[in-house]
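Quick notes on the structure that follows.
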Amino acid sequence: MKYLVLILVVLAVGVAGGEAGQICAKGAQPEIYYVDRQGKLIYEVRQLTGDEDKYTALARAVLEQPREPHLITAIPAGTRLNNVRYDQGIVYADYTKELFSYGGGTFREQRLLAQIIYTLTGLKEVRQVQILIEGQKVLAPEGSPTDLPLARSDLPLPVEEEKYGQEKDKEI
């Protein structure tokens, strides 16, 4: 009888975890933001193929190079994702120290932050993003307040409404 209760508890916890928003991202088609050569923020629509939860999949996808040749990434090569968690409207995205090794410049820093924040706040339930470096809240090298959660409205950048890639027909 004890084993039956234990099994039921484990199953209940597993089901509750799935209902808390940790949905598999495979097949979803989110907007992944990059910048063009003039510094405008533009998104590509991508189809996710991994079996990660949607928050991790997006935080990892933003590290990939854009597919469109006229788009670039402000995120330095070698940046890796350590961990991601979601809690009450905030995604906590923990990256390696390489994220802030871009060599300086406010222009690039703003675009780097915008790529991550716009991509992750594309999910309806995500209001803000807390960027962590090696698990710590720190200021970005040019002084952007990355020691606090940031929303899209905290980053005044021109966003092109144009999209590239597959048609967005599925919500994640």
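Throughout, read-outs are computed from the coordinates displayed, never taken from laboratory work. None of these values were measured; they are calculated from a predicted model. Glycine gets a Cβ as well: all are built from the backbone with ideal geometry, and neighbour counts include every protein chain shown.
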Subject >> Relative packing of 33-40, 98-105, which averages over residues the other C-beta atoms within 10 Å, highest first >> reply: 33-40, 98-105
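Hey, any idea what Rg/Rh is for segment 23-165, computing Rh the Kirkwood way over Cα pairs?
For segment 23-165, the value is 0.92.
Tell me, in nm to one decimal, what length is gained between PHE107 and ASP51 on full extension, where the rule is 0.36 nm per residue of separation less the Cα-Cα distance?
Working: separation 56, 0.36 × 56 = 20.16 nm, distance 3.43 nm.
Taking PHE107 through ASP51 to full extension adds about 16.7 nm, to one decimal.
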